[in-house]
């Protein structure tokens with residue numbers, strides 16, 4: 001970042017025409033076909049003081065003769081900005097809506113402008129003050145994004161593109177063709193260019209651009225090339241910085257001078273998401289096979305192995321390297337072969353699998369130079385204690401597939417070049433094997449071990465994990481992928497948790513989000529209860545209570561979503577277990593949190609748009625206090641659920657909390673009704689009602705942070721599936737670019753985990769196919785396809801992904817969704833089979849639920865389709881708290897509807913369409929169901 005320099009005087013130029021102003025400002029035309037580099041000069045730093053009319057030559061004496069230019073650049077900066085030319089480029093520091101750029105006359109058509117940029121930098125081609133285009137970087141959120149702009153006739157068409165590492169630099173370019181304009185970027189110094197978007201060249205861009213410019217990002221409203229308003233000073237106190245270097249202007253290749261008519265026709269077609277289009281092709285269910293073919297797998301897989309709740313985890317990255325964090329240097333990796341080289345190579349991905357598909361024992365396979373390699377990695381500690389050192393075990397097997405000589409040596413290498421090298425056992429056969437163990441993360445302690453010792457530890461670790469994960473084996477469905485995935489999600493979740501000072505802390509990621517995210521932890525506790533890990537859940541809730549503040553507030557990292565989620569998690573644990581003794585023990589913490597909310601509500605506005613809403617930090621990525629519906633909805637729901645359970649154990653004041661929750665809910669609904677507004681013929685609901693910040697941030701689209709806020713709100717349970725606010729939210733997501741492949745859009749990619757609320761709402765609405773589309777997209781694009789390690793964000797079209805995997809919140813929401821598809825509570829109704837894919841009910845398959853915890857008690861059922869098309873159903877209803885009724889949905893293949901139902905007893909049941917309703921179920925139910933042809 002550049003320190004803010006002294007105020008300078010802006011260039012003031014007045015002319016009747018834009019062209020005359022350009023002549024006055026930039027007197028020397030660009031000599032085309034020369035390459036202009038902004039790696040300026042040998043004389044150190046130059047500061048642009050913006051003396052009226054002064055010009056600054058950017059020609060450099062240290063460049064090759066063919067790269068020199070006699071053209072001059074002119075500074076255009078407001079008094080509160082500073083531009084500096086250094087040996088390695090241009091730097092600027094300016095207020096957000098001020099000006100800070102260099103410009104130069106161009107007057108040449110069919111050109112390509114490129115530059116290396118970082119932070120808030122951009123490059124521009126300009127025809128006049130109302131017609132220009134740009135590409136660059138912005139960071140309107142805590143994360144950076146690429147953007148492109150085409151201002152045509154004074155109207156802007158700015159598009160935010162994919163997310164980026166805002167701290168690193170990259171090349172961007174504008175390619176001007178005869179009938180198109182293309183915006184591109186490159187992360188590998190121009191070896192490969194990726195298209196951001198291409199637009200048809202508008203008539204307003206006729207003729208050569210008059211200017212090229214480099215510098216800070218501008219919105220159209222900044223009017224950066226309107227020299228008449230040049231001396232307007234920004235009122236913003238926020239400052240941004242950036243840098244530009246390696247500026248090149250060159251001829252657009254003749255072969256790329258125009259798009260063909262066919263290409264233009266493709267360009268004019270509206271962009272269609274091929275995955276979502278599956279819903280329009282037929283009435284059949286989406287399937288994994290239909291979904292997965294449209295986009296590539298993730299490019300940067302990572303798994304973790306080790307011991308549950310151990311403070312350390314062994315990461316296995318995309319190149320088979322062992323790491324403690326995906327953002328730090330790897331701990332160590334293996335090298336072998338002749339010459340000896342790393343086993344993992346960019347561009348040649350390993351085939352990766354967990355043992356039995358879900359145990360955290362990682363096996364990676366690759367082939368090189370006629371040798372097939374298999375690398376197996378796992379973690380162990382004595383008695384699987386979290387207090388004992390974590391030991392990393394690895395085995396490399398090399399097999400000659402065609403008589404190629406086996407490698408002679410293997411090395412364990414670290415970034416500091418600490419290296420252990422061993423001779424590989426040689427035999428007359430086609431295979432050699434080597435095993436090693438070391439105290440993690442110290443590769444210097446590595447020692448070769450026998451195959452016998454490795455196998456012994458492998459069996460011990462696999463038995464331990466099989467026993468641990470047997471506790472959550474609640475579902476049997478006829479889909480191997482799903483069966484492996486849901487158990488792997490639990491395993492990753494247990495590994496993401498760390499024991500700190502005797503408390504189990506679920507962290508959102510191993511080696512990257514090594515802290516507790518309050519609302520995520522609460523959601524995770526609810527998921528663990530759904531799968532029967534009640535003791536583990538109690539320990540998590542105990543950790544949260546430990547971090548509760550003396551004034552009653554619980555919040556960790558997130559914001560106002562934390563106290564509400566905290567109350568819901570505590571209440572749900574009691575509802576899922578019926579443990580009144582436990583509830584009595586934790587009730588003081590519940591009461592203190594309720595009282596904090598009551599006190600905050602007393603201080604809120606008594607009228608107006610935000611009446612009754614608490615102003616607080618909204619969630620993880622924003623620290624400023626705002627009025628935000630998401631957090632307030634969680635808190636209202638928390639009060640509501642807390643009141644219910646406290647009433648059951650006769651806690652005085654429970655009725656007061658219930659009344660406050662009802663008033664709180666009504667205040668939120670009233671505020672939403674007042675805050676909703678019409679935008680281009682559609683009702684939009686801002687989730688920060690005072691400022692509409694999230695909608696403005698996303699340019700009134702339904703994606704990005706707006707989508708990641710409104711979709712989770714639908715999963716809280718405060719809004720009914722068909723409430724007006726619910727409809728406004730769903731319409732925004734579905735009609736304004738909030739979804740890609742049926743899951744939430746973020747930075748041009750997907751952030752699938754946050755889609756759970758939307759998918760649950762669609763399930764409740766009976767839109768099962770939308771729910772299934774999102775579920776299969778999670779499996780296809782939100783995680784590694786063979787090891788089920790989920791990530792936050794995937795650039796779905798390219799397969800590039802964040803390194804934040806395996807991600808706890810993703811594991812949590814995927815577990816929630818699967819359970820709700822098979823079994824869910826809806827008030828006093830138990831719903832069975834709402835989201836079962838039709839293919840799972842083909843003859844010969846079966847769907848089984850084994851003693852699954854619910855708020856009513858444990859539930860079991862079995863659905864067995866028969867060869868004649870009928871189905872046999874056995875249901876063991878809950879006994880702790882009877883539901884008013886059970887609603888069973890049988891999604892038979894070919895959408896067949898029920899024709900008859902036979903019961904083993906005189907059950908009070910009715911049926912219609914695909915649904916069977918059983919009133920007041922008190923004993924086991926057996927049904928034989930026939931379907932119409």
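Once fully extended, how much extra length lies between residue 271 and residue 607, figured as 0.36 nm per residue of separation less the alpha-carbon to alpha-carbon distance?
Fully extending the segment from residue 271 to residue 607 adds 116.5 nm.
Calculate how steeply helix 768-781 sits against the longest principal axis of the alpha-carbon atoms of the chain, using the helix alpha-carbon long axis, and give the answer as 0 to 90 degrees to the nearest 10.
60 degrees
Please report the relative contact order for the chain, taking Cα pairs under 8 Å with a sequence separation of at least 6, and give it as a percent rounded to a whole number.
Rounded, it is 9 percent for the chain.
For segment 303-469, what does the relative contact order come out to in percent, with C-alpha contacts under 8 Å and a separation of six or more?
Taking the mean separation of contacting Cα pairs over the length of segment 303-469, I get 20 percent.
Under 1.5 on a/c is rounded, so check that first for segment 303-469, then, if it is not, pick prolate when a/b is larger than b/c and oblate when it is not; a ≥ b ≥ c are the square roots of the alpha carbon gyration tensor eigenvalues.
prolate
Could you check the spin-label model distance between residue 411 and residue 501? Points 7 Å from the Cα along Cα→Cβ, value in nm.
4.4 nm
Highest mean first, what order results for 458-468, 174-184 on Cβ atoms within 10 Å?
Averaged packing, sorted descending, gives the order 174-184, 458-468.
Can you grab the distance from the C-alpha centre of segment 833-855 to the C-alpha centre of segment 574-596, Å, no decimals?
About 33 Å separates the Cα centre of segment 833-855 from the one of segment 574-596.
Between residue 466 and residue 388, what is the FRET efficiency for a Förster distance of 25 Å, r being their Cβ-Cβ separation, to the nearest 0.05?
0.75
Given only helices, namely DSSP H runs of n ≥ 4 each adding -39500 (n - 2.57), what is the per-residue ellipticity at 222 nm of the chain, to the nearest 500 deg cm²/dmol?
Estimated from H runs of four or more residues: -8000 deg cm²/dmol.
Mind checking the angle between helix 451-470 and the chain's longest principal axis? C-alpha axes, 0 to 90 degrees, to the nearest 10.
70 degrees
Kindly identify segment 109-235 as rounded, prolate or oblate by the Cα gyration tensor criterion: order the square roots of the eigenvalues as a ≥ b ≥ c, call it rounded if a/c is under 1.5, otherwise compare a/b with b/c, prolate if a/b is larger, else oblate.
oblate
For segment 720-788, just say rounded, prolate or oblate: build the C-alpha gyration tensor, square-root its eigenvalues into a ≥ b ≥ c, call rounded for a/c under 1.5, and beyond that prolate if a/b exceeds b/c, oblate if not.
Cα axes put segment 720-788 in the oblate bin.
Quick one: angle between helix 654-675 and the longest Cα principal axis of the chain, in degrees between 0 and 90, rounded to 10, please.
The angle comes out near 40 degrees.
Computed FRET efficiency, Cβ-Cβ of residue 735 and residue 257, R0 60 Å: what is it to the nearest 0.05?
Computed FRET efficiency for residue 735 and residue 257 comes out at 0.95.
Just how far, in whole angstrom, is segment 668-686 from segment 347-384 if you go by their alpha carbon centroids?
First find each Cα centre; the distance between them is then 52 Å.
Tell me which label goes with the value of Rg and Dmax of the Cα atoms in Å computed from the coordinates here: (1) 35.6, 126; (2) 30.9, 97; (3) 31.4, 118.
It is the value labelled (2).
If you take every DSSP beta bridge whose two residues both sit in segment 829-931, what share of them, in percent to the nearest 5, is antiparallel?
Taking every DSSP beta bridge within segment 829-931, about 90 percent pair in antiparallel fashion.
What FRET efficiency do you get for residue 237 and residue 157 if R0 is 30 Å and r is their Cβ-Cβ distance, rounded to the nearest 0.05?
0.55
Laboratory data are not the source of any read-out in this text; all were calculated from the coordinates shown. Quick caveat, the model's predicted, so the values are computed rather than measured. Quick reminder, even Gly has a Cβ in these numbers, built from the backbone with ideal geometry, and neighbours come from all protein chains shown.
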